[in-house]
Ligand SMILES: Cc1ncc(COP(=O)(O)O)c(C=O)c1O
């Protein structure tokens, strides 16, 4: 924090390493310095995490992901409970012109009506897949806040009511990651996340390819890291695919 700091922006859980920030502690740090706490709540969705209750001032989501849930639009939303701040942001939105189109807004709104149903299934599938991977590969290679082996499992349980469907797995080398990506069948190879269909991706060459290589190394986004977005399919279909795709890893 410096005297010029106006806001702290946190993403929790983070993409793709599933690190958790203590929201109440972050709000405390921000507010003592007269700054705002902004939370990217995309991974947890409002169904599993309610950052305003922990002191956040602005909560934002990529509506492309769980809120819409069907991978058929892109968009974002910023939520506030302060009318003055909302008016200022609204002015910037209107002046900048980056407003969502009506069809995209319709699709996102329609998606929110089933958010609670989808999130329960994402969470059940996420837990089942993470448990299987931990059993097969060793818990230290599976990054999922719902596993007791996650270093911030207790914090995650305190501030989230569910863990969702995002899992990362460390396979050690790019070749191993490529082998798994090539074998996966039910998990489709694609970048996005949070939709009803399960996806698998390689962050280092896909979502995070634009992050400089030294920064990726610092963060722990290795060539052997694979990210899974568990959809809402039957758990046995996902477990069967994971079993064959990760065999021998
Ligand atoms: C946590 C998080 N926030 C924001 C975004 C950006 O989303 P969009 O693709 O809608 O611009 C992403 C995309 O992966 C994300 O994972």
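Distance between the pseudo-spin-label points of residue 92 and residue 244 (7 Å out from Cα toward the beta carbon): 4.9 nm. If the convex hull of the alpha-carbon atoms of region 167-216 is projected onto planes in all directions, what is the mean projected area in square nanometres? For the Cα atoms of region 167-216, the hull's average projected area reads 3.8 nm². Axis angle, to the nearest 10 degrees, between helix 115-137 and the longest C-alpha principal axis of the chain: 40 degrees.
Counting other Cβ atoms within 10 Å as a rough exposure proxy, the listed residues 66, 47 run 47, 66 from fewest neighbours to most. The ranking of 73, 1 by Cβ neighbour count inside 10 Å, starting from the fewest, reads 1, 73. Once the convex hull of all Cα atoms in the chain is built, its volume per residue stands at 135 Å³. Calculated mean residue ellipticity at 222 nm for the chain: -11500 deg cm²/dmol, from DSSP H runs with n ≥ 4 weighted as -39500 (n - 2.57), summed, divided by the residue count and rounded to 500. The alpha carbon convex hull volume per residue for region 7-112 rounds to 110 Å³.
If we count other beta carbons within 10 Å of each Cβ, what is the order of 116, 31, 127, fewest first? It would help to have the intermediate numbers written out before the result.
Numbers: 116 11, 31 14, 127 20.
Fewest-to-most ranking of 116, 31, 127: 116, 31, 127.
Relative to the compact globular guide of 2.2 N^0.38 Å, what is the alpha carbon radius of gyration of region 115-245, as a ratio?
On the way: Rg = 14.1 Å, N = 131, 2.2 N^0.38 = 14.0 Å.
Ratio of Rg to 2.2 N^0.38 Å for region 115-245: 1.00.
Throughout, read-outs are computed from the coordinates displayed, never taken from laboratory work. Owing to the predicted nature of the structure, the values given are computational and were not obtained by experimental measurement. Please note: Cβ atoms are built from the backbone with ideal geometry, for glycine as well, and neighbour counts cover all protein chains shown.
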